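The values are calculated or read from the model by the stated rules, or taken from the named source; none is laboratory data. Keep in mind that what you see is a predicted model, and the values were worked out from it rather than measured. Please note: Cβ atoms are built from the backbone with ideal geometry, for glycine as well, and neighbour counts cover all protein chains shown.
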C-alpha cells in the first residue's frame, strides 16, 4: 500500500492524469464516513473523482477489489472508467511494487444490469437459472407472442393509457394495432417494475388499473413459464436475490475466501430509477454504509427511459429512511471545461426559472458552478447567431463555420465543432435545412441519425432486396385485414421496393451484381425448396442479408460511417428475430417455394414491428466522431462529451408531454416510496426536462457557445414551454449577448 | 459577418486522453487473424448469422471452468475433491436422448428434465447463458461433440490435472506506452503439487480445435498469445512461468475416450526472453494498426493463406472477400 500524499503525487504525474485534484475533489476521494452525496456540475471532473476514489480504496486503504462495486449508466461509460482505472493503476504499480497484485479485474464494474446478470449467474440464483435475458427487441417480440394484453382491444382501456401508445390519438375510433398495444404494454409493465409499484394498491384502485395488473401478472407468468427475463425484471430478481442466502453471502462474505461487499460507487446517479435506488441501498447495507453517488440533477435526461431525478435530489431522505444516517454532501462546483462567460451563462440559465426553484426539483443547497478552466480571453464566448427568418439560419451557420472558424484557423478540424439539435433527422422541421446547406457548401457531416432509421435508403433497399428474394411473387400485398383493407405493411414495403427500384435505375449507382443476385436467387430458391427433404431448408434470413450486403451498392455504402452504422443495426434486429427461432426458411407443402406461413409471420411480426413501432436509435452507442466531419448530434448523444465550439439550434421548440411525465403523476398513489415525494404536474415536468436538456447542451461548450435562433424563437411570450434563454427573458438576452 | 472568435486558435488534441485496453484474445489475435472480420463484428457490431466459432471455444472453456470449480468445491462445498461424474462417461445416445427431452420440454414450456450428469448439467447452463448472447451451435452434432470432448477431458486429464490447478481464468494486465494490455490465462498449474512458488507454475490455455491441420498462422498467433501472457506473468509475479502449454481439446474427439493423452493434444510453447520481447513488440505494432484502422476506417481482410480456410468458410463476409480459397474467393450462393 502507499500513503495518501504519494498516491496523489503519483496520479498528478504527466504519465497519469497530468494534474492534481483540487481540494473539494480530494475531499471526495478521501471521505470515509459512510454515504457520500457528490453533486457534480458539468466539467467538474466527476468521473475522475470516482476513478481516483476507487484507486484510493485499493491502493491506500488496501480494500480488496472484490469488495468494490462501481456502476455507471452505459456500457461505453463503464468501459471508459475501466480504461482510466487501468491506466492510472499502472502508474501507481510502477511506483510501488507492493501494488503489483492489485487486480482490477476483480472489481465489479459495469452497468447495473450487467452486474445484476453476472452476479445472479455467479451465485446460480435458482429463479434466474436457465433463463434467457431478453433485450429490448426480444422483449417486444416476446410480448407480442405471449402477452394477453397484446390481444386486448378495449378502446376505453387504451384511451386511458393513450400516452403510452406510440403515434396513436386517444380520440381514435379504433383500438391501436397489435404492435402499438405491445409497445404500450412494455412501457407500462416496465414502469410497474422500475417504479416499485404496489400491485395490491393498483388492483384495489379497480377499473383500468386493475385490468392492467391482471395483464401484468399474466405477463410475469409467461416470462416464468418460458424461462425468460426482461431487463426490468432482472433488477427485481436481483433485489430478491439480495435477501436470499446466496445474496447474504454475496453482501457479507463467507468468512473464508469470499470477501464482503464494502463499497458501492455509482456514477450518473441522476439517471437512476426507484428500483435501482433500492438495489444500491441494499448493496450498501453494511455499516458504515459506504455508498458514493455521483451525478448532477440538472443534467438528468432519461425520464423517458424510466429514470427519475428524484432519486438524486432526495438521496439524503433515502439514506435517512434506510440507514438512519445523513449522507455527507460535497458539491464539485469548479468547472474545468468552459470559458467563464459560458459558465456564467449556463449558471444564470439554470437558476433563472421559477419551475426549477420549486421544492424537490433540484438538489437542495446547491451553489453556482465556478469557472476554473484555463480557457480565457476577452471575446464573446456566448454568441447569438441570428437571422430574421428561420430559413436563413442554416446558411448563417455555414458562413460562421466556413468563413470564420475554418478560414480564420480558429479550429484545426471540423470535428471540433458540433451542431446540437433535438432531432437530427433529415426532414424540413428538423435538421433537414442544415443538412442541405452543409451539403451544398461541401461541408462533410457526420450524422448517423440523419434519417429516421426506417426511412434511410440503405435500410429500405436492404429489406426490399430481401423481400424480392424470399417473396418474389410479392405475396405480402395480398394480405387483407378483417375489413378487407390491405394490411398495414403493404404500403411501406411497396415504398421500400420503389426505393430499391430507383436505386437500381440510377446509372450512377453500381447495382449490376445486386440485380444478378436477386434474379439468380429467384431461380434457385424454388430448386432448393424442391431438393430439400426437410421442412427447414437450412438457411436463415441473416445469412441472406449478408449475401445482399456483399453486393454493390451495399458494399460501397458500408464505407460511409452513418450508413454502416444503420446497416449493422439491421443485422442486430434480425438477430433478435433469430433469437425467437423464427427466421429459418421453410418450404411450402408442395415443396416448390417458401412456406406462406413463414412469410406471413415474417410480415405480421417482424416487418410490422419495424414499420409500426419505429426503431429507436441506440442511446448507448459509443460516439466516435471521425476527423474531417462536422458532427450533428442530438443533445442526448452529446451527454458526457465536450467540444470547443457548440452550436445549439431548434431553440424555438418546446417539449411534449409523454408517458413518462404522465405516469410520474398517475403512479404516485401506487408507488412504494422510501420517502414522500412531491408530485409535479406533467406540464411542469416537461418544462423542467426541457430546461435540463438545454442546460446539458449549453454546458458542452469549451471555447464558444453559439445559440442559433431567430428573434422570434428566443421569445417565449406565446409559449411558456419554450425556454431557450435565461428566465424566458428574451429582452435581457438580446441586451447581453453579441449577435452575429 | 462579425467574427467573434478572431485571434483564437484551438489545436486538435494529439493523443487520446485515456489509454484503450486491448485484450489479447478479443482484440489482438482476431485483428491479426483478419482485420476485416474484427472491424465488422467487434468494432461496428454487426451481428453474425452464426457464431459457431465462439460457441465451440466458449462452451468448452466455461464448462471446464465449472469442472474445476466442482473439484475445488467452489460451486458446492460437498463436491470438494470429487471429479465431476467421478469421471464416468455417458454414451452418445444417452446425451442425444437428453437433448431431445430438453427440446420437447422447451417446446411445451415445461420444466427442463433433470440432467443425466454433472458435465451435461454444466453444459446446458453454459449453453443457456450463451443463447442469451445469441451464441448457439450451428448443428446438433456440435453439441454432442462438445459434451463428448468435455467428458473425455474430465476422465482423462481430470484426476491428475484438477488437484494441481492453482487458479483458473487467471487475469493479467500491464501498462504499455499507449495502451493497456490484458489477458486471461485459462489455468495456472502447479506441476509439483507442493505449495509452489510462481516460478514453478505452468500456464495452460485450452484451444477448441485440433492441432493436426491447424493453419501455421493460427499456431503462430497462439504462440504469440502465450508469449505475451508470459510477459504479463513476469510483470505480475517477477518471474517467468516454468512452461506455457497449449491444449488442443479436439484432439480428444473420437468414438471412445482415449486411454492416454493423444500425442498432438498438448504442445509446449517456447518462451525464451528474445521470443517474448518480439511478441511484445508485435503486440504494440498490432495495437497501432488497430488504432490506425479506427481512424481511417480501412479494415483489410486477411492475406490468403494467413487464415484457415475453415474460418473463412463460416465467415459471413466471405461473399465479397478475396481471402478464401487461396485468394480466389468463394462462389456466391443463391439466395
Self-check item: helices (runs of 4 or more DSSP H) enclosed by region A:546-656 - at least 3 residues per element that are touching a strand residue (DSSP E or B) at 6+ places or on another chain (Cβ under 8 Å) and closer than 30 Å to residue B:321 by Cβ
Solution: A:561-579
Exercise. Scan region B:195-205 and give yes if some residue there is in a strand (DSSP E or B) and under 30 Å from residue B:96 (Cα atoms), otherwise no.
Key: yes
Quiz item: Since residue A:101 meets every condition but one in (1) closer than 30 Å to residue A:14 by Cβ; (2) part of a helix (DSSP H, G or I), which condition does it not meet?
Solution: (2)
Self-check item: Residue list for region A:86-114, restricted to those being under 28 Å from the mean Cα position of the chain (by Cα) and either surrounded by fewer than 19 Cβ atoms within 10 Å (Cβ to Cβ) or more than 8 Å from chain B (Cβ to nearest Cβ) (or both)
Solution: A:105, A:106, A:107, A:108, A:109, A:110, A:111, A:112, A:113, A:114
Self-check item: Some residue of region B:106-118 being in a helix (DSSP H, G or I) and farther than 24 Å from residue B:157 by Cα
Solution: yes
Practice problem: Looking at (1) farther than 26 Å from residue A:292 by Cβ; (2) not in a loop (DSSP other than H, G, I, E, B), find the lone condition where residue A:376 falls short. | Solution: (2)
Quiz item: Within the group A:198, A:230, which residue is crowded, with 19+ Cβ neighbours inside 10 Å and more than 30 Å from residue A:31 (Cβ to Cβ)?
Solution: A:230
Quiz item: Do we find a residue being in a loop (DSSP other than H, G, I, E, B), assigned by TED's automatic domain parsing to the domain that holds residue B:215 and farther than 24 Å from residue B:47 by Cβ anywhere in region B:275-287?
Solution: no
Exercise. Could you tell me whether any residue of region B:7-18 is in contact with a helix residue (DSSP H, G or I) (Cβ under 6 Å, 6 or more places away or on another chain) and under 27 Å from residue B:224 (Cα atoms)?
Key: yes
Quiz item: Which ones in region B:306-322 are away from chain A (no Cβ under 13 Å) and either part of a loop (DSSP other than H, G, I, E, B) or closer than 19 Å to residue A:518 by Cβ (or both)?
Solution: B:306, B:307, B:308
Quiz prompt | Subset of region A:665-716 [outside any loop (DSSP other than H, G, I, E, B), without any contact (Cβ under 8 Å) to a residue 60 or more places away in the chain and surrounded by 20 or more Cβ atoms within 10 Å (Cβ to Cβ)] | solution = A:686, A:690
Self-check item: Those residues of region B:166-183 which are within 13 Å of residue B:64 (Cβ to Cβ) and crowded, with 18+ Cβ neighbours inside 10 Å, in sequence order
Solution: B:168
Quiz prompt | Count of region A:36-61 residues which are outside any loop (DSSP other than H, G, I, E, B) and either outside the structural domain of residue A:103 (by TED's automatic domain parsing) or more than 16 Å from residue A:18 (Cβ to Cβ) (or both) | solution = 13
Practice problem: Determine, yes or no, whether residue A:86 is part of a helix (DSSP H, G or I), at pLDDT below 95 and in contact with a helix residue (DSSP H, G or I) (Cβ under 7 Å, 6 or more places away or on another chain). | Solution: yes
Quiz item: Any idea which residue in region B:94-130 is nearest to residue B:78 (Cα to Cα), counting only those that are within 14 Å of chain A (Cβ to nearest Cβ) and touching a residue at least 40 places away in the same chain (Cβ under 8 Å)?
Solution: B:118
Quiz item: Quick one: residue A:127 ticks every box in (1) away from every other protein chain (no Cβ under 12 Å); (2) under 30 Å from residue A:301 (Cα atoms) bar one, so which box is it?
Solution: (2)
Self-check item: Matching entry among A:269, A:219 (being assigned by TED's automatic domain parsing to the domain that holds residue A:200 and within 28 Å of the chain's Cα centre (by Cα))
Solution: A:219
Quiz prompt | Members of region A:508-540 found to be at pLDDT 95 or above and in contact with a helix residue (DSSP H, G or I) (Cβ under 8 Å, 6 or more places away or on another chain), listed by number | solution = A:509, A:510, A:511, A:514, A:515, A:517, A:518, A:521, A:522, A:525
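Residue by residue, here is whether (1) without any contact (Cβ under 8 Å) to a residue 40 or more places away in the chain; (2) over 23 Å from residue B:319 (Cβ atoms); (3) touching a strand residue (DSSP E or B) at 6+ places or on another chain (Cβ under 7 Å) holds:
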residue: A:488; (1), (2), (3): no, yes, no
residue: A:513; (1), (2), (3): yes, no, no
residue: A:523; (1), (2), (3): yes, no, no
residue: A:534; (1), (2), (3): yes, yes, no
Quiz item: Within region B:22-77, can you find the residues that are free of Cβ contacts under 8 Å to residues at least 24 places away in the same chain, closer than 30 Å to residue A:84 by Cα and within 13 Å of chain A (Cβ to nearest Cβ)?
Solution: B:26, B:41, B:42, B:44, B:45
Quiz item: On the given criteria, is residue B:28 assigned to a helix (DSSP H, G or I) and surrounded by 20 or more Cβ atoms within 10 Å (Cβ to Cβ)?
Solution: yes
Self-check item: Entirely in region A:379-494, the helices (runs of 4 or more DSSP H) that have 2 or more residues that are assigned by TED's automatic domain parsing to the domain that holds residue A:515 and under 24 Å from the mean Cα position of the chain (by Cα)
Solution: A:457-470
Self-check item: Residue in region A:717-740 that is farthest from the other protein chains (Cβ to nearest Cβ), counting only those that are outside any helix (DSSP H, G or I), out of contact with any strand residue (DSSP E or B) (no Cβ under 6 Å at 6 or more places or on another chain) and within 19 Å of residue A:387 (Cβ to Cβ)
Solution: A:722
Quiz item: Of the residues B:238, B:183, B:158, which single one is in contact with a helix residue (DSSP H, G or I) (Cβ under 8 Å, 6 or more places away or on another chain) and on the phi > 0 side of the Ramachandran plot?
Solution: B:238
Practice problem: Answer with yes or no whether residue A:189 is surrounded by 17 or more Cβ atoms within 10 Å (Cβ to Cβ) and either touching a strand residue (DSSP E or B) at 6+ places or on another chain (Cβ under 7 Å) or not assigned by TED's automatic domain parsing to the domain that holds residue A:273 (or both). | Solution: yes
Self-check item: Top-ranked residue in region B:134-165 [being touching a residue at least 60 places away in the same chain (Cβ under 8 Å) and within 14 Å of chain A (Cβ to nearest Cβ); ranked as surrounded by the fewest Cβ atoms within 10 Å (Cβ to Cβ)]
Solution: B:138
Quiz item: Among A:437, A:431, which is more than 11 Å from chain B (Cβ to nearest Cβ), touching a strand residue (DSSP E or B) at 6+ places or on another chain (Cβ under 6 Å) and at negative phi?
Solution: A:431
